Structures are given as structure tokens and as C-alpha cells.
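Note sheet for the following structure.
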Amino acid sequence: MRSITRVPPTLAFTMDRDDAKTNKNLGKNFMCRLQCMFSHSSTSESRLSLEDTQQWSQSLERLLESKYGLATFRTFLKSEFSDENIEFWLTCEEYKKIKSSFKMSSKAKKIYEQFIKAESPKEINIDHHTREQIKRSVKTPALCCFDDAQKIVYGLMERDSYPRFLRSDIYRSLLESLADDAVKG
């Protein structure tokens, strides 16, 4: 028979208070790191706000449109050792901006080697048909050659990683920290 260790009520309260303090510190520390990352920016989105951070929970698209949201989501994914999807998605977004056919060809091969090829360093989770289609299209690449894989990866993030992010300590503690700052003025 297993023995159950009871925690005295005063100790349980202290532990809860310590957990809350740890979460608050996590939020404050992360908020400072985010603002330092973007302190050189002079755009209207130069300060992290509670309202913007709350809007990240509306959709993955909303989260990725925010420089702070994207940075926070990437940090979360890295902490789970699952950042290959966001890295692939962002790489595809950059790829679509390429104008030179020489650069496009070179970049398409790099993307294939890094994310698509079986056993590649950051292999993404796509079906065999899509993988083979990309393998063929990389030989004469177009701006749309990664579109199907990018849609699959976005869907995976939207259904899996994004909901976990919204429940994560990193997001919740950041919200709490910003809410505390808003109350203090």
C-alpha cells in the first residue's frame, strides 16, 4: 500500500504563493526580454501592451502578425523542441519574396534539404505525396512550390501548437504581468 504524504495547509499556501511569484517573475522576465529584442524599433508597435497580447488568442494569424507574438510563439516552440514548423513557415514567407530566378533556385534547394527531404535536420511532418511533389518542383522552382506543405504546417500549428501555447505558462504569465502593470498604471 502506498503512503500519501500530506502537505500542511500553511506549507501548501506558501507553495502556491511561491508558484504565483515564479509565474509573475517569468512573465516580467520574458516581457523585458521581448522589449529588449525590439528596443531598436521605432514603429507604433514598439511597446508590448496587454491589449495586443490578449489579441493573440483570437487566431494564429493574429499571433503571427505581431512581432512580439511571433517571438513569444517561437520561444514557446523552442522550449518544446518543435520549432521546425514555424521556421519552415517563416522561411516559405521569405522565399515568396524572392525575385531572382537564380536565388529562387538556390533557396528552394536549401529549403528542400533543410525541411522536406526525409531525415533532414528540421524535417517537417507532411505526407509522402506532398514531399514527392516538392521534390519534383524544386528542379524548376516557382514561388508556389512550397504552398501545399506550408498550408499543412500552418494547419498543424493551428490545431496543435497554438492551443498549447495559449494554455502555456509563458503566455499566461506574460498576460498576468502585463495586467498587473496596467493596474499599477
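Look through Lys184, Lys122 and report the one residue that is of a type outside the set (Asp, Glu), surrounded by fewer than 16 Cβ atoms within 10 Å (Cβ to Cβ) and at pLDDT 95 or above.
Result of the check over Lys184, Lys122: Lys122.
For segment 126-140, give me the residue count where each residue is in a loop (DSSP other than H, G, I, E, B) and open to solvent by 30 Å² or more (accessible area, probe 1.4 Å).
3
Which count do you get for residues in segment 52-82 that are without any contact (Cβ under 8 Å) to a residue 24 or more places away in the chain, surrounded by 14 or more Cβ atoms within 10 Å (Cβ to Cβ) and outside any helix (DSSP H, G or I)?
1
The values are calculated or read from the model by the stated rules, or taken from the named source; none is laboratory data. None of these values were measured; they are calculated from a predicted model. For neighbour counting, all protein chains shown are included, and Cβ atoms are generated from backbone atoms with ideal geometry for every residue, glycine included. With ligands, DNA and RNA removed, areas are computed over all heavy atoms of the protein, side chains included. Shrake-Rupley method; radii C 1.70, N 1.55, O 1.52, S 1.80 Å.
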